[in-house]
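Student: I'd like to ask some things about the structure below.
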Amino acid sequence: MELYDRLIAKQATLSVIGLGYVGLPIAVAFAKKLQVIGYDSNTAKVAQYMAGRDATGEVGDDVLAQSTLRFSADATALAEAEFHIVAVPTPVYADHSPDLRPLRSASETLGKYLRAGSIVVYESTVYPGVTEEICVPILERESNLVCGRDFFVGYSPERINPGDRAHRLESIIKIVSGMDEATLDTVARVYELVVYAGVHRAPTIRVAEAAKVIENSQRDINIAFMNELSLIFDRMGIDTKDVLAAAGTKWNFLQFYPGLVGGHCIGVDPYYLTYKAEELGYASQVILAGRRINDGMGKYVAERVIDALFAQGVSVGEAKIAILGLTFKENCPDTRNTRVTDIIEELRRHGIRPPVCDPVADAAEARAHYGLELVPLTAIADMDAVIIAVAHEAFRDLDAEKLSALYGPRCRLLADIKGILNRGEMEAAGYTYWRL
């Protein structure tokens, strides 16, 4: 009986390695159809999941508690599975070069327990060639098995969009690939069990890897263009959002908007592509130019707010500024690679220590990673300026009256980075309003 048939008959088990924002939804989805082991080396995270608490918010406590998914922080459990999905993070170092340590570590761990006849599918974002040139040799070394004879590999890049309730694993077409036709067919059929939108069969693993890394690079470049426009139009005294609303009436105008670009995908993936390009002797121009613009927006926001306060007679040494939002995107607790910290760091460089409020962010993560103690909105008062840095639904409900409780008598500057509030209403209420 083939591996796919044994999975369906629950005579074989599927494992998911790495239970974060990507791995957990995948594991829970497959557990509705198959026997699934969810493995993560973080024992605290696994204990939390076993207690039915979903810190990612991607699955939900109720769904998690009812799932048949078997959680484990014991790597020996992987020996029970024959179809493995690796979904660990692929961050970058401070110099923006790829940090493949999580991927290497996961491959080493899996290799120790890899059984003959198994299929390993990587979902982590990488540059073309990583799966076959880096991961496969590790699996072979640790398992003493030969790829293509004893086990097989595929690649199916993740397309999870944290915090997005419309575009879910089930409703997004999944790219799948395999080292040969038989592996590709099995990988495709397995993913079709949970991805109702269907799969796209890429001709090679390298094509699938390349497709993933350009998806977010494309978004990054387009957002960088919007950010550059906002820098230009601000100097002209023109509202960028008004310009985009007008231009957006054309049928083929792309709907992108200025903002901070962080997170573990858009702000990271382009560096994987440019790193490989440089290895091959090509120095990226457009991609890295976009990265430079986007990475500089936090500093720009802080400086723009300080200049606006100075224009109203508030010196830097006296300025009181609060920040609403810390996560890398709206309605998501994930603070990894958030660029809001760039605003905070620039304000601190000027001697300003802003209180930060985020009702969605993981407070423990904010404390551990950034040394920040998040405060409730009710604790913010007597401010000269408030920066709404993240477009959480909780902040969209703020109106002029609710915001007034945050300010002192001296100045009421409102920097609404994503433009979630009504400019006319804010200005009519006496606020000095600015947005990208």
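Student: Can you find, within the stretch 91-105, the residue that is surrounded by the fewest Cβ atoms within 10 Å (Cβ to Cβ) among those that are over 19 Å from Ser284 (Cα atoms) and among the hydrophobic types (A, V, I, L, M, F, W, C)?
Tutor: Taking the stretch 91-105 as the starting set, the residues that turn out to be over 19 Å from Ser284 (Cα atoms) are 91, 99-105.
Narrowing further to those that are among the hydrophobic types (A, V, I, L, M, F, W, C): 100, 103.
On the way: Leu100: 20, Leu103: 24.
Only one residue tops the list, namely Leu100.
Student: Right, another one. Out of all the residues in the stretch 76-104, which are touching a Ser or Thr at 6+ places or on another chain (Cβ under 8 Å) and part of a helix (DSSP H, G or I)?
Tutor: Selection gives Ala77, Leu78, Glu80, Pro102, Leu103.
Student: While we're looking at this one, here's another question. Within the stretch 325-346, can one find any residue that is farther than 28 Å from Asp99 by Cα and not in a loop (DSSP other than H, G, I, E, B)?
Tutor: Going residue by residue through the stretch 325-346, those that are farther than 28 Å from Asp99 by Cα are none.
No: zero hits.
Student: Take the residues in the stretch 241-270 that are over 14 Å from Ala224 (Cβ atoms) and in contact (Cβ under 8 Å) with a residue 60 or more places away in the chain; name whichever of them is most open to solvent (accessible area, probe 1.4 Å).
Tutor: Here is the first cut: in the stretch 241-270, the residues over 14 Å from Ala224 (Cβ atoms) are 241-253, 255, 263-265, 268.
Next cut, in contact (Cβ under 8 Å) with a residue 60 or more places away in the chain only: 241, 263-265, 268.
Values: Lys241: 81, Gly263: 0, His264: 41, Cys265: 20, Val268: 9 Å².
My answer is Lys241.
Student: Turning to a different aspect of this structure: Output yes when any residue across the stretch 173-193 is assigned to a loop (DSSP other than H, G, I, E, B), open to solvent by less than 60 Å² (accessible area, probe 1.4 Å) and not aromatic (Phe, Trp, Tyr), and no when none is.
Tutor: yes
Student: Further, regarding this structure: Considering only the stretch 140-162, state which residues are buried (at least 23 other Cβ atoms within 10 Å of the Cβ) and not in a loop (DSSP other than H, G, I, E, B).
Tutor: Phe151, Val153, Gly154, Tyr155
Student: Can you tell me which residue in the stretch 271-290 is least open to solvent (accessible area, probe 1.4 Å), limited to those that are within 20 Å of Glu228 (Cα to Cα) and assigned to a loop (DSSP other than H, G, I, E, B)?
Tutor: So, considering only residues that are within 20 Å of Glu228 (Cα to Cα) and assigned to a loop (DSSP other than H, G, I, E, B), the one least open to solvent (accessible area, probe 1.4 Å) is Ser284.
Student: Here's something else I'd like to know. Could you tell me which of the residues Ile173, Ile205 is of a type in the set (Val, Ile, Thr), touching a residue at least 40 places away in the same chain (Cβ under 8 Å) and closer than 30 Å to Ile287 by Cα?
Tutor: It is Ile205.
Student: Limited to the stretch 14-52, what total is found for residues that are part of a strand (DSSP E or B) and either among the basic types (Lys, Arg) or open to solvent by 20 Å² or more (accessible area, probe 1.4 Å) (or both)?
Tutor: Of the residues in the stretch 14-52, 2 are part of a strand (DSSP E or B) and either among the basic types (Lys, Arg) or open to solvent by 20 Å² or more (accessible area, probe 1.4 Å) (or both).
Student: I would also like to ask the following. Being closer than 22 Å to Ile223 by Cα and open to solvent by less than 50 Å² (accessible area, probe 1.4 Å) is the filter here, so list the residues in the stretch 291-322 that pass it.
Tutor: Arg291, Ile293, Asn294, Asp295, Gly296, Met297, Gly298, Tyr300, Val301, Ala302, Val305 - these are the residues of the stretch 291-322 that are closer than 22 Å to Ile223 by Cα and open to solvent by less than 50 Å² (accessible area, probe 1.4 Å).
The values are calculated or read from the model by the stated rules, or taken from the named source; none is laboratory data. Just so it is clear, the structure is predicted and the values come from calculations on it, not from any experiment. Quick reminder, even Gly has a Cβ in these numbers, built from the backbone with ideal geometry, and neighbours come from all protein chains shown. What goes into the accessible areas is simple: the full protein's heavy atoms, side chains included, and nothing from ligands, DNA or RNA. Shrake-Rupley method; radii C 1.70, N 1.55, O 1.52, S 1.80 Å.
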